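A quick write-up on the structure given underneath.
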Amino acid sequence: MAARGHVLALFVLLALAGAAAAGGGRHQHRHRHGRKSARLRLIPSAPGASLADRARDDRHRHAYIRSTLASRRRAAEVGASAFAMPLSSGAYTGTGQYFVRFRVGTPAQPFVLVADTGSDLTWVKCRGAGSPPDAQPPAREFRPAASKSWAPIACSSDTCTSYVPFSLANCSTPASPCAYDYRYKDGSAARGVVGTDSATIALSGNGVGADGSRRAKLQGVVLGCTASYDGQSFQSSDGVLSLGNSNISFASRAAARFGGRFSYCLVDHLAPRNATSYLTFGPGPEDAAAPEQTPLLLDRRMSPFYAVTVDTIYVAGEALDIPADVWDVDKSGGAILDSGTSLTILATPAYRAVVAALSRQLAGLPRVSMDPFEYCYNWTAGAPEIPELEVHFAGSARLLPPAKSYVIDAAPGVKCIGVQEGAWPGVSVIGNILQQEHLWEFDLRDRWLRFKDTRCVAQ
């Protein structure tokens, strides 16, 4: 093909030269406006080529055209589509996390990961060189050597030194793998090496059926291969899916390719294993209800967490007296949403105001003691109306969680005020129980947080 092209180009140049030199003759004619131009004969590059040769060349070219157009169509489809990942409560394992199903590697290997908006590194359990000799292998483990798309990240790379959290300083040679010792605030930890791989996703939209049958590869996912770990949450899962605000998080990279946003809907935190909702990247499900929206604060000081501005909290219609500094990031306060935290944690001034207002409304019930809560009640003695809690955010957005999200079932016949006290100065955390039965959309491109109440899609 290349030789044919070069020969043809040579003949064309010679013909042009000849036409220019002749200055006339049968290859020359005049346009209506008097300008001269050359008419060139099309000369075959290989006059002796058989039809079979030409057919073979045409087939090769057609294969090239088909491949090029197919890849461009796939790129266009991925840019305009969305994809969803099944999401469910981890209550069946005794944890307060939500689990997402995730497929990574080539061929794809399936895993169940904790969906965590407070993490910037996605990692899976794997049995690598850093595993103790007598370590018990997990039920599911990632095998980098078995993945054709796995590529280690070097410890000398900018990704390792600038973006991988808790990357280790030891770098024996520039090409050595990037190692990490990731520490979480609850005391859990994960240790391993970082690479990139491909995630298999089920596309939706653009004519795809509800079963999500059309699959695609999301390339270049930053992935930790964890050889050792500590923490109760990780006993019941295969690792963590990073949904935090970070250059290397799965959420940031996937959202950048799918409309700049992602959303999730958390089913009741006590829902059974088969009650499934979705974590979606790209446009979410549409319905008639207009969502509430408030500015999403992508502040480096809060990274990888997503911060919002709380204006006021109401209990039973009464605005609580909480100092404005509690909600101000610049005054060592602020509030974040965190899917990896179960109970909502309020800085001391906010906590005291909220529990005082709620407990006044529940004062007629007998109190019982139950860690880690301060206010618990014997609910068998009666079932009073639970006062309404409202959280007002900047921009007039209002969150009205169901009563079960803040006066929670703690034991048979016992309900507790389901918030905990956090340090002040310090940040307040809106946990996943307070977020349940709402659709939350994180618009990273335009910096909006949108939400609306819904029972989520249970299947």
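Checking VAL391 against (1) open to solvent by less than 30 Å² (accessible area, probe 1.4 Å); (2) more than 30 Å from ALA255 (Cα to Cα); (3) modelled with pLDDT of 95 or more, which test does it fail?
If we test VAL391 against (1) open to solvent by less than 30 Å² (accessible area, probe 1.4 Å); (2) more than 30 Å from ALA255 (Cα to Cα); (3) modelled with pLDDT of 95 or more, just (2) comes out false.
Among the residues of the range 238-259, what is the count of those that are touching a Lys or Arg at 6+ places or on another chain (Cβ under 9 Å), open to solvent by less than 30 Å² (accessible area, probe 1.4 Å) and assigned to a loop (DSSP other than H, G, I, E, B)?
Total meeting the criteria: 2.
Go through the range 154-168 and give me each residue that's under 25 Å from ASN245 (Cβ atoms), in a loop (DSSP other than H, G, I, E, B) and either open to solvent by 70 Å² or more (accessible area, probe 1.4 Å) or not β-branched (Val, Ile, Thr) (or both).
Answer for the range 154-168, where residues must be under 25 Å from ASN245 (Cβ atoms), in a loop (DSSP other than H, G, I, E, B) and either open to solvent by 70 Å² or more (accessible area, probe 1.4 Å) or not β-branched (Val, Ile, Thr) (or both): CYS155, SER157, PRO165, PHE166, LEU168.
Which condition number in (1) at pLDDT below 95; (2) open to solvent by 10 Å² or more (accessible area, probe 1.4 Å); (3) closer than 25 Å to PHE83 by Cα; (4) not hydrophobic (A, V, I, L, M, F, W, C) is the one that GLY282 fails?
Condition not satisfied by GLY282: (2).
Can you name the residue in the range 310-327 that is open to solvent by less than 50 Å² (accessible area, probe 1.4 Å) and assigned to a loop (DSSP other than H, G, I, E, B) and is also farthest from THR348 (Cα to Cα) among such residues?
Top of the filtered list is LEU320.
Does THR344 satisfy the condition of being closer than 21 Å to ARG455 by Cα and open to solvent by less than 50 Å² (accessible area, probe 1.4 Å)?
On the way: closer than 21 Å to ARG455 by Cα: yes; open to solvent by less than 50 Å² (accessible area, probe 1.4 Å): yes.
So THR344 passes the test.
Being closer than 25 Å to LYS217 by Cα, aromatic (Phe, Trp, Tyr) and out of contact with any helix residue (DSSP H, G or I) (no Cβ under 8 Å at 6 or more places or on another chain) is the filter here, so list the residues in the range 147-200 that pass it.
Initial filter on the range 147-200 (closer than 25 Å to LYS217 by Cα): 147-154, 157-160, 163-164, 177-178, 192-200.
With aromatic (Phe, Trp, Tyr) added as a condition, the list becomes 150, 163.
Across the range 147-200, the qualifying residue is only TYR163.
Given the structure, is GLY364 assigned to a loop (DSSP other than H, G, I, E, B) and in contact with a strand residue (DSSP E or B) (Cβ under 7 Å, 6 or more places away or on another chain)?
No, not satisfied.
Hey, among the residues in the range 375-388 that are under 26 Å from VAL310 (Cβ atoms) and in a strand (DSSP E or B), which one's most open to solvent (accessible area, probe 1.4 Å)? I'd like the intermediate steps shown before the answer.
Keep residues of the range 375-388 that are under 26 Å from VAL310 (Cβ atoms), which gives 375-376, 385-388.
Still in the running and in a strand (DSSP E or B): 375-376.
Working: TYR375: 44, CYS376: 0 Å².
Among those that are under 26 Å from VAL310 (Cβ atoms) and in a strand (DSSP E or B), it is TYR375.
When the range 169-185 is examined, which residues are found to be modelled with pLDDT of 90 or more and outside any loop (DSSP other than H, G, I, E, B)?
Across the range 169-185, the qualifying residues are PRO177, CYS178, ALA179, TYR180, ASP181.
Could you list, in sequence order, all residues of the range 328-341 that are surrounded by 16 or more Cβ atoms within 10 Å (Cβ to Cβ) and part of a helix (DSSP H, G or I)? Full working, then the answer.
So the first thing to find is which residues in the range 328-341 are surrounded by 16 or more Cβ atoms within 10 Å (Cβ to Cβ), and the list is 329, 333-341.
Correct list: VAL329 only.
What do you reckon, is LEU218 crowded, with 18+ Cβ neighbours inside 10 Å, in contact with a Ser or Thr (Cβ under 9 Å, 6 or more places away or on another chain) and at pLDDT 90 or above?
Working: crowded, with 18+ Cβ neighbours inside 10 Å: yes; in contact with a Ser or Thr (Cβ under 9 Å, 6 or more places away or on another chain): yes; at pLDDT 90 or above: yes.
So LEU218 fits the description; yes.
Assuming ALA227 fulfils every condition listed in (1) open to solvent by 30 Å² or more (accessible area, probe 1.4 Å); (2) in a strand (DSSP E or B) apart from one, which condition is it?
Going through (1) open to solvent by 30 Å² or more (accessible area, probe 1.4 Å); (2) in a strand (DSSP E or B) one by one, ALA227 breaks only (1).
Would you please name the residue that is farthest from TYR375 (Cα to Cα), looking only at residues in the range 415-428 that are open to solvent by 20 Å² or more (accessible area, probe 1.4 Å) and among the aliphatic types (A, V, I, L, M)?
Once the filter is applied, the top-ranked residue is VAL427.
The values are calculated or read from the model by the stated rules, or taken from the named source; none is laboratory data. Quick caveat, the model's predicted, so the values are computed rather than measured. Positions of Cβ are backbone-derived with ideal geometry, glycine not excepted, and every protein chain shown enters the neighbour counts. Just so you know, the surface numbers come from the protein's heavy atoms only, side chains and all, with ligands and any DNA or RNA stripped out. Shrake-Rupley method; radii C 1.70, N 1.55, O 1.52, S 1.80 Å.
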